[in-house]
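Take a look at the structure set out below.
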Amino acid sequence: MTKWLLRSMTELSSRKWISRMTGRFAQSPASRRLIPRFARMYGISIEEAEKQLQDYSTLNEFFTRRLKPGARTIDTDPSALVSPVDALITGCGPIEQGTILNVKGQDYTIEELLNRSPRTENYKNGYYMVLYLSPTDYHRIHTPVTGSIVEREHVPGKVYPVNEFGLRHMRRVLSRNERLITYMRHAGAETAVVKVGAMNVSSIKYVLPLKEKMEKGEDLAYFEFGSTVVLLTEDDSFFPRPDLKTGLKVRMGEKLGTLAAQ
């Protein structure tokens, strides 16, 4: 009964207009007074922020803050694929015959996650990582590899929560929620960075100006409030580091594994 009630409440609160209302408030000057309370509530490391708290004019500006130079170390090994975000790994493993198995008890197909893109074929036996960003985390998304942007796609959808409850009890939220997909080609292979919207995420935005070639660790996009990134690698193009597993906390720029020599 409780699970049914929570699911029903989540369905009702997953409407885009509610997220838009939340977004409008977070972008208003009135939200500024909530910044210190928000930072304390979520234990945010304010000493890493580019500016002092009082210098942020809205809650949204603080939430999408940049970090001080040097706050994150980008692994410089040319063969390293790095985490694009600060996040908790909520799923990872080989993609089997086009299916991502058992993300919080649910399976996903690459076809539905990538909106039936013709590129789906290249990922059917690749590797996936689901990276969850809580409100505590730094919310900018960086490039996991050095390479060229070969395609960008916006997939409209719902804004269900992507936390523990949402992933476990809502039906396949990663492929039903709004998504912004970036495909990057690097040394003969390709990586897909799937940015998944969530409840109270008023938008997912690219950093402007858009670039066609990017260095590993460059500022790619950002979430306005918490969400998830699904990182996909093509067949036979990636070897995860030995300790990569669900439940591991990673930071942007940290090595997730090694890209195969092409």
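Here, each number is a calculation from the coordinates, and none is a lab measurement. Every value quoted in this text rests on a predicted model; they were computed, and no experiment measured them. Every residue, glycine among them, receives a Cβ derived from its backbone with ideal geometry; neighbour counts consider all protein chains shown.
A few notes on this one:
- Straight-line reach from Lys245: taking Cα to Cα under 22 Å and skipping same-chain neighbours fewer than 8 places apart, the lysines in range are Lys104, Lys124, Lys195, Lys255.
- Spatially proximal aspartates and glutamates relative to Lys68 (Cα-Cα < 20 Å; intrachain offsets below 8 disregarded): Glu47, Glu48, Glu50, Asp55, Asp86, Asp137, Glu215, Glu218, Asp219, Glu224, Glu254
- Normalised contact order of the chain, rounded percent, pairs of Cα under 8 Å and 6 or more residues apart: 26
- Region 187-262: C-alpha gyration tensor shape, a/c 1.5 cut-off, then a/b vs b/c: oblate
- With a simple spin-label model that places each label point 7 Å from the Cα along the Cα-to-Cβ direction, the separation between Glu212 and Asn115 comes to 2.1 nm.
- Approximate spin-label separation Thr146-Leu34, in nm, with each point projected 7 Å along Cα-to-Cβ: 4.2
- Cα gyration tensor shape of the chain, rounded if a/c is under 1.5, else prolate or oblate by comparing a/b with b/c: oblate
- Cut-off 13 Å between beta-carbons: net charge of the residues surrounding Lys195, Lys and Arg +1, Asp and Glu -1: +1
- Each Lys and Arg Cβ is given +1 and each Asp and Glu Cβ -1; about its Cα centre, the chain then shows a dipole of about 1180 debye.
- Region 76-134 shape via C-alpha gyration tensor axes, a/c threshold 1.5: oblate
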